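Input: a single structure, listed below in structure tokens.
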Amino acid sequence: MRIKFLYSIFLFSCIVFSQENQNNTANSFSANELKLNLIYTLSGYPEISYERLLTKETGVGVSMGISLDDSSISSQEFNINPYYRFYFGKGEASGFFIETNGAFYSEEAYSSSETKRSHELGLGLGIALGSKFLSNTSGWLGEFHIGGGRNFINNDKIGDAYPRFGLSLGKRF
């Protein structure tokens, strides 16, 4: 319950921060994006992303997801993935991109006897590739990405790697 509360506070602060700084940006283009990962959300693991565009070729962001039930597509209970992207498209922060990302997540682990469960944390670094498609006038966007990363802690209890993929729909403002 505490994680859901912290997740809500973080999401609210991202939205407020982006709206306050929208008028203060020196860029001549909309610099904030809010996206929903449709694949994860439809499987019971909603993941929301906020991205701040630094230039017309780069952006930084964070994705956050939380499991609502045990049948979701992800084995993770929650995740926080900060990322940095470099875009190669002709438009403003759109087209093909390369992403470097980090991961902080919780995963359910079982002991060798399969009777005791524990919640273990993972921390890692990874990469992803993807593409972003932006509408010409309304600011709506679609995005897909695929990649993964290496977990550096608790490898004896949870996996050595984590996935990073999505099909997202969002809005640039």
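Observations, loosely collected:
- On inspection, Ile48 fails the criterion of being under 21 Å from Lys157 (Cβ atoms) and among the β-branched types (Val, Ile, Thr).
- Residue in segment 109-117 that is at pLDDT 95 or above and part of a loop (DSSP other than H, G, I, E, B) present: no
- Condition met for Glu77 (buried (at least 21 other Cβ atoms within 10 Å of the Cβ) and either assigned to a strand (DSSP E or B) or modelled with pLDDT of 95 or more (or both)): no
- Restricting segment 125-173 to residues that are polar (S, T, N, Q) and in a strand (DSSP E or B), the residue that is nearest to Lys90 (Cα to Cα) is Ser131.
- Residue within segment 140-148 that is touching a residue at least 12 places away in the same chain (Cβ under 8 Å), loosely packed, with under 14 Cβ neighbours inside 10 Å and of a type in the set (A, V, I, L, M) present: yes
- Filter result for Arg150 (modelled with pLDDT under 95 and basic (Lys, Arg)): no
- Of residues in segment 58-74 being of a type outside the set (Val, Ile, Thr) and crowded, with 16+ Cβ neighbours inside 10 Å, the one farthest from Thr41 (Cα to Cα): Gly59
The values are calculated or read from the model by the stated rules, or taken from the named source; none is laboratory data. This is a predicted model, so every value here is computed, not measured. Neighbour counts run over all protein chains shown; Cβ positions are idealised from the backbone, glycine included.
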